[in-house]
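K.L.:
Let me begin by handing over the structure; questions about it come next.
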Amino acid sequence: MVDTTEKIRILVLGDSGVGKTSLVNLISNTNSKPCWTVGCNVEVVLHESRDNSEFIELWDVGGSSVHENSRAVFLRGNYHALILVHDLTNSKSYTNMIKWALEFAQRGETPARRRISREAESTLLKSIEIPKLIVGTKQDHLWSRSRYTTDRTGLMTDLNAQIISVNCLDNIQYKGSYQQQQIANFFDQVIKHKKNASNKFNRAFRSPTPASSPSPSSSIFSTLDLGFNF
Amino acid sequence: CFLSWVVYFYCFWKFGDPFPIMNPKQGIFSIEQMISRVGVIGVTLMAILSGFGAVNCPYTYMDYFARVVTATDVNNLEKRMLQTLEMIANKKKKLLLEERKVTSQTSEKEGWWARLTSSLRTNETLALLSDEIGSLEELSRQLYLEIVDMNYARERLAMSKTLLGQYFNFTGHIFTGYLAYKIFMCTVNIVFDRVGKKDPISRGLEISADWLGFKFDAQFWAQHLSFIIVGVIIVCSIRGLLINLIKWFYAISSAKSSNLLVLLLAQIMGMYFVSCVLLMRMNLPPDYRVIITEVLGDIHFNFYHRWFDVIFLVSAVSTMGVLYVSHQTSPDKYH
């Protein structure tokens, strides 16, 4: 049966024009409208896992720099996973994913122009506890065999994310393909992580741990506390 | 592509016909003809841009016209938008459930009439849901754009309280004065059909020398000052043009047309520069005017100045009209 009370929200971030909206349309099997995202596009996927079916909401936030001052309202929400999208033909979008991850980690509160040290960036990236996925788009445009751009800053390993690459415009080839399987696995992982987090939360609520012991519940509190429930 | 270049050149030529710049003494391909046509287009562009800029500049700089936006306004709009997005998500979930019902129903073996009516009903609900989702998405986009505008207004308010903002406010007042003077001079020029003989720098220096009793070599200072000021004006206006062109370019370029657009913009930039030089002739002392006249050939300079004044007046007045109307009709609060 479909569980309609629980909300599973995934945030999709990336540079302007890399193909976030096309990716989201591909996953949710809707017709793509070829225009730039203004604000946020919400698509819903009915994900069939082994036990039951779950609704997964994909929130795809427009990445153009003109709207930078208003994006924070989306970043503040309560999300269960993060998908970072980059363009395989554009190496700048690969390095910009770090900036997007940092902006998400700071919940859009501090302006992006303020510089923080590399160690602070590394700790911030490690502090993102939700599952992360990196998707490279426009695979059909690659001239040679895909060779990943080297990560010069070394910060991608701190992100600790899965990596897949896909061609967002080919609906027919996607069905039943390996990439679809990878995305389904990612969704399973997200659901499991959410269940673990809520179990820990419930356990912590029912049996309050003494303040002296360093309990994992305090970190769970901090991650769940960051967003306001809208 | 040779054909398209021929067409472009022909249009360019035809464009110069209605203007009084033909001189029977010169041949068809002389440089004067070219310069004259380039000058016409460049001068028109320059006049339009400067008219628009002269009115828009005080409007954006001065605090009097700034919108008053508070944090609560923005918060309210944000809440509304998030609620709309939640509604969109819920409706999409309902849509998916209905679609699943349709696909599961077609596999059951009911009577064909019952199946037909039930499928019609679900199709109707599907269409209804899709329409609702479409309109909700449009609403969320409008709300988001409104939030972006409000955030920009808030940033402007915050900046106006700083030192830089106050400086801008002050220069806004100066620019209003300059605009009034320029409009007055343009109307005078058109009505009385005269072109100034002496450049403003020399005249300004003469007046100040008479009034303030300074004893300095007016000629010497005139040429230096006028060069500096003319240089500054040209640099600023070309910079302004390039900034505007870049904004335009981002707005209307796509993957296919970007090459064509770049070439077109390069042409426009060239024309603009030539007409800048042309018009600056008036601002230089008489000795240097001769140099430019020699370089650009014997064309009717007076015509260009008249043309510039006319277009400037038209553009400034229309910009003022548009800004006034939009200012009055917007429901926002101002100072």
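Every read-out reported here was derived from the displayed coordinates using simple, explicitly stated rules and does not represent laboratory data. This structure is a prediction, so every number in the text was calculated from the model and none was measured. So basically every Cβ, Gly included, is an ideal-geometry build from the backbone, and we count neighbours across all protein chains shown.
K.L.:
Among B:78-88, B:263-273, how do they line up from the highest to the lowest mean number of other beta-carbon atoms within 10 Å?
P.N.:
The most tightly packed comes first, giving B:78-88, B:263-273.
K.L.:
In nm, to one decimal, how far is the B:Gln142 label point from the B:Val68 one, both placed 7 Å along Cα→Cβ?
P.N.:
Going by the 7 Å Cα→Cβ label model, 2.6 nm.
K.L.:
Taking each residue in A:35-47, count the Cβ atoms of any other chain within 10 Å of its Cβ, then average. What number comes out? Let's see the in-between values first.
P.N.:
Values: counts 0, 0, 2, 7, 12, 8, 5, 13, 3, 9, 2, 6, 0.
For this peptide, the per-residue mean of nearby foreign Cβ atoms is 5.
K.L.:
Quick check on the exposure proxy: order A:Thr89, B:Thr187 from fewest to most C-beta atoms within 10 angstrom.
P.N.:
B:Thr187, A:Thr89
K.L.:
Something else about it: Order by neighbour count: B:Ser104, B:Ser119, A:Ser70, fewest other Cβ atoms within 10 Å first, most last.
P.N.:
B:Ser104, B:Ser119, A:Ser70
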